[in-house]
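The values are calculated or read from the model by the stated rules, or taken from the named source; none is laboratory data. Bear in mind the structure is a predicted one, so any value in this text is a computation, not a measurement. Cβ placement follows ideal geometry from the backbone for every residue including glycine, while neighbour counts extend to all protein chains displayed. The protein model used for the area step is the full one, side chains on, heavy atoms only, and it has no ligands, DNA or RNA in it. Shrake-Rupley method; radii C 1.70, N 1.55, O 1.52, S 1.80 Å.
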Amino acid sequence: MSAAEELAPGAPLMEVRGLERRFVMGDEEVAVLKGVTFTINVGEYVAIIGPSGSGKSTLMYQIGCLDTPSEGTYHLAGYSVGALDDEELAALRNRFIGFVFQAFNLLPRTTAVDNVALPLRYAGVGIGERRRRARVALDRVGLGHRHDHTPDRLSGGERQRVAIARAIVTNPKLLLCDEPTGNLDQRVGAEIQALFEELNRDLGVTLVIVTHDPSLAKRARRNIKLVDGRVVHDGPALEGF
Amino acid sequence: MFEHVLSALLALNSNKLRAALTMLGVVIGVLAVTLLVGVGDGARKYLDTTLSSLGTNLLNVVPGRTETRGGFGPPPASGIARPLTMDDVRAIERQATLIRGVSPVVTGGGTVRYRTRQRDTMVLGVGPQFSDLRNMHVDLGEFVREEDLQARRRVAILGRRVVRELFGDESALGQPIRIAGGRYRVVGIMEEKGRSLGFDLDDLVFIPATTAMDQFGQTHLSQLLTAARSKDDTASATEEIEEVLARRRNGERVFTIQSQEDLLKTFGALTAAMTMMLLAIASVSLVVGGIGIMNIMLVSVRERTREIGVRRAVGATRGDVLWQFLLEAVVISTIGGAIGLGLGAAIVAVVTKYAPDVPLRLSGWIAAVAFGSSFVVGVISGVVPARRAAALDPVDALRYE
Ligand SMILES: Nc1ncnc2c1ncn2[C@@H]1O[C@H](COP(=O)(O)OP(=O)(O)O)[C@@H](O)[C@H]1O
Ligand SMILES: [Mg+2]
C-alpha cells in the first residue's frame, strides 16, 4: 500500500460509483442503497444527511470498508474495496480510517489510554509506544487530565473525545462519524463538532459526518442528502432539510 | 502471539469477577486431579518402598502346589504335600548357585515371659542367613548362629518392642526368659524397624528354626526363604531351586515358589489401576470445568459483540478476534490450572507434614499432566466461542443492541 503517500490535499480520496447494497430478508432482496455516486477529495468536510432509514449508516459502513458493495464500485485511496479480502480490508481500515460512533463504543473497564491505543495494536505497534501515542492523542482532544479514567468515570462529551482520540491516533486520512453528537446535549455536541472542524483544519484529515442535526450540517462546506437509498442533493449546505 | 496473550490478560484484568468464576471449575478440576492421582501414586510408592525394605529379590518356598505363582498368603495345600525340611535347606545350600542364601522359617507364637512380665507375640524359628535376606539385623549381641541351629540351642533374639515391654530400661542381654513355657537365654536384640504394611516388625522373637520345631512340636518347616543374587537371576534361581527340591521328591513339584517380584508386579498393577481410575474420576471434574469455561466464553462473546465490532472497525482481522478469544480461554484455564496445582501442592505439603502416614505425594508427572490438561481444556473450550466471535460480520457486530 504505497498509494497513501501520493494523496495530496484536493486529490480524490473516495470514489463511489453506482453503489448498491442489497440485503436478503427471507425470500426477498431489499435494496438499501440504490446506485449512489459521488467523489470526496482529500481534506474535504462533508455532512451526509437524510431521514432516518434512508441508508446513511449503510453508506457509512460501505465507505468505511466494513462492508462491500452488492453492485457498483468503491475506491478508497486507489484501492478497489470490492476486490479486497478480510485481512486487506482490516489493514485498510486500520491505516486510512478513523471511526466515531453515536454510542461512543469504548471498551468498558478499560482506561482511556488503552482504549485509544487499541487501533495501534492492530497496526503492530508495541505496547509502550502505542500508549505514548495514545497519550498524545488524548492531549490533542483536550483530555490531558483523564488518561487513566475508565469510560464509566467520564461524561458523555469526554467519552466521545476519547473515541475521537482513538479515531485519530493512527493519523488516518478519513474521519468517519455516524451521528457523533446524537447522544450529547446541544452545547456539548457543538463542542465536539468544533473539535472535528479543528482536526479537519489543522491535520488536514478528510471529515465525513452523518448527522440529523441541521445546525451541524449547515457548518459543513458540502452536504450529501440521501433519501431512500438515493442521493437527492450533493452540493453546498442546505437550508432546513 | 505476545500481543494476543497481553490483550487476553488485559481483558481478564478488566473483568476480574467473571475471570475468577470461569477459573473456578478448572481450579477444582486440577485440584481433584492433583489430589486423587496423588493418592494413587502415593499408595504405589508406599507399597514399593515398603516391599523393597523387606529385602530384595526374595523367593519364598511354601509346601503344596498352586497354579499361579505369587499372590497373597500361603497357597491352598494340594492333597499330599511333602513337607519342607532342614534337609531341603541343606540341599539348596549345597546345590543352588544363583542365590544369596537360604533360611528355614518356622512360624509360631506364644507367651514370652521375663520374671513377672509377659507378652504374647510372634516367634519365628530361622537360620543365620535370615538376617541378611530380610534385611533385619541385630543391634546388640548376635543373631541366630549356625552352631545354634545345629545344636538346637535355646537362645532368643528379641525385637525392640518385646525388649521394651519385658525389660523396660533393664539390660536384656544374657537374661533368662521363657517362651511358651520353654527356657531361653537372650543373646541378641534387633534394631528398631518400625511398622510395615500394618505389621509391627519390632514385635517379634527369633529363635533357631530347629529349636522352634522342638518347641512347637513340628516335624517340618513352615517356609523356606531365599533370594536371587540379582533381579535378572530371579527366574533362573527359581528354576534352580525347583530342580533341587523336585529331585528330592521324585520329580514331583509339590511346593510353590513365590517371588517378591511377582508380588510387586501384582501390587503395581493394582495401584496403577487405582491411579487410572482416580484419574478418570478427576478428569470428569476437569471436563465440567471446561464446559464452564465454554459457557462463560459464549456468553462473553455475546456480551462483547459491540467490542468485537469496534475491534474489527479499528483494524482487527477475523484471525485477530479468533486468537483473542481462544487465548482468553487458554489463559483463564491455565491460570486456573496453576492455582489448582498450587493449592494441591500446598495441601500435599500440609498433609505430608502433619500426617506422614497418609500416602499422598505430588510427583512431577502429575503436576505436568494436571497443568497440561488445563491447557488442553482451555484450547478445547475456547475453540467454539472463538470461532463464533471471528465469524461475526463487523457491521452486524456494530449494529448489535
Ligand atoms: N443487515 C441488514 N439487513 C436488512 N436490512 C438492513 C440491514 N442493515 C440496514 N438495513 C435496513 O436498511 C435501511 C437503512 O438503514 P440505515 O443505513 O441504518 O439507515 P440510517 O442510518 O439512514 O437511519 C433500514 O430500513 C434498515 O432496516
Ligand atoms: Mg444510522
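On alpha carbon coordinates alone, what is the Rg over Rh value for segment A:34-160, Rh being the Kirkwood radius? Could you put the intermediate results ahead of the total?
Values: Rg = 16.8 Å, Rh = 16.7 Å.
Over the Cα atoms of segment A:34-160, Rg/Rh equals 1.01.
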In deg cm²/dmol, rounded to the nearest 500, the helical mean residue ellipticity at 222 nm of chain A, built from -39500 (n - 2.57) for every DSSP H run of length 4 or more, is -10500 deg cm²/dmol
Helix A:112-122: inclination vs chain A longest Cα principal axis, degrees, rounded to 10, gives 60
Cα-based Rg and Dmax for segment B:193-271, in Å, come out at 16.2, 43
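What 222 nm value per residue comes from the helices of chain B, counting each DSSP H run with n ≥ 4 as -39,500 (n - 2.57) and dividing by all residues, nearest 500 deg cm²/dmol? Show your work: numbers first, answer last.
On the way: 13 runs with 224 residues, N = 401.
Result for chain B: -19000 deg cm²/dmol, rounded to the nearest 500.
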The simple spin-label model distance between B:V287 and A:I127, using points 7 Å out along Cα→Cβ, in nm, is 3.7
A correct Kirkwood calculation over the Cα atoms of chain B returns a hydrodynamic radius in Å of 26.0
Checking B:G337, B:G181, B:G289 against a Gaussian network model of chain B (alpha-carbon springs below 10 Å), the top fluctuating residue turns out to be B:G181
Percent of all alpha-carbon pairs of the protein assembly as shown at distances over 47 Å, whole number, is 49
In segment A:3-235 the DSSP beta bridges are antiparallel at a rate, in percent to nearest 5, of 60
Of B:V254, B:V314, B:V384, the most mobile residue in a GNM of chain B (C-alpha springs, cutoff 10 Å) is B:V314
Rounded to whole angstroms and listed largest first, the alpha-carbon spread of segment B:82-253 along its three principal axes comes to 52, 32, 28
For chain A, the percent of all C-alpha pairs falling in each 10 Å bin, from 0 up to the bin holding the max distance, is 8, 32, 36, 20, 4, 0
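Note down the relative contact order for chain A as a percent, whole number, built from C-alpha pairs under 8 angstrom at least six residues apart. Walk me through the numbers before you get to the answer.
Details: 476 pairs, mean separation 62.3, N = 241.
Reported relative contact order: 26 percent.
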In this structure, the FRET efficiency calculated for B:L197 and A:E87 from their beta-carbon separation, with R0 = 51 Å, to the nearest 0.05, is 0.15
The rounded separation in angstrom of the Cα centers of segment A:98-174 and segment B:376-401 is 24
The simple spin-label model distance between B:T107 and B:V244, using points 7 Å out along Cα→Cβ, in nm, is 2.2
Descending accessible area (1.4 Å probe), largest on the left, turns A:K218, A:K34 into A:K218, A:K34
If each part is reduced to its alpha-carbon centroid, segment B:299-369 and segment B:272-292 end up apart, in Å, by 17
Relative contact order as a percentage, chain B, C-alpha pairs under 8 Å and 6+ apart, gives 29
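What percent does the relative contact order of segment A:8-113 come to when contacts are Cα pairs within less than 8 Å and at least six residues apart? Before the final figure, lay out the partial values.
Details: 136 pairs, mean separation 29.3, N = 106.
Relative contact order comes out at 28 percent.
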The alpha-carbon center of segment A:9-47 and that of segment B:205-254 are separated, in whole Å, by 101
B:E147 and B:V383 label points (each 7 Å along its Cα→Cβ direction) are spaced in nm at 8.0
Given pairs B:K193/B:K353; B:K193/B:K231; A:K34/A:K218; B:K231/B:K353 and cut-off 32 Å on Cα-Cα distance, the over-length ones are B:K231/B:K353
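I want the antiparallel fraction of DSSP beta bridges within the protein assembly as shown, as a percent rounded to 5.
Numbers: 61 of 87 bridges.
Around 70 percent antiparallel, to the nearest 5.
In what sequence, largest accessible area first, do A:E191, B:E328, B:E192 appear using a 1.4 Å probe?
Working: A:E191 80, B:E328 5, B:E192 110 Å².
The ordering from most to least exposed comes out as B:E192, A:E191, B:E328.
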Ranking B:S52, B:S131 from most to least accessible area with a 1.4 Å probe gives B:S52, B:S131
Place a point 7 Å from the Cα of B:L298 in the direction of its beta carbon; the residues of segment B:351-386 whose amide N falls under 19 Å from it are B:377-386
In degrees rounded to 10, the 0-90 angle between helix B:318-354 Cα long axis and the longest Cα principal axis of chain B is 30
Helix B:86-95: inclination vs chain B longest Cα principal axis, degrees, rounded to 10, gives 70
Given all pairs of distinct Cα atoms, segment A:1-105 yields a Kirkwood Rh in Å of 14.7
Across B:F167, B:F375, B:F130, the residue with the highest GNM fluctuation in chain B (Cα network, 10 Å cutoff) is B:F167
Zone reached by a paramagnetic label modelled 7 Å from B:E170 Cα along Cα→Cβ, restricted to segment B:137-160 with backbone N below 20 Å, covers B:140-142, B:155-160
SASA check, B:K265, accessible area w/ 1.4 Å probe, all protein chains in place, rounded to nearest 10 Å², comes out at 130
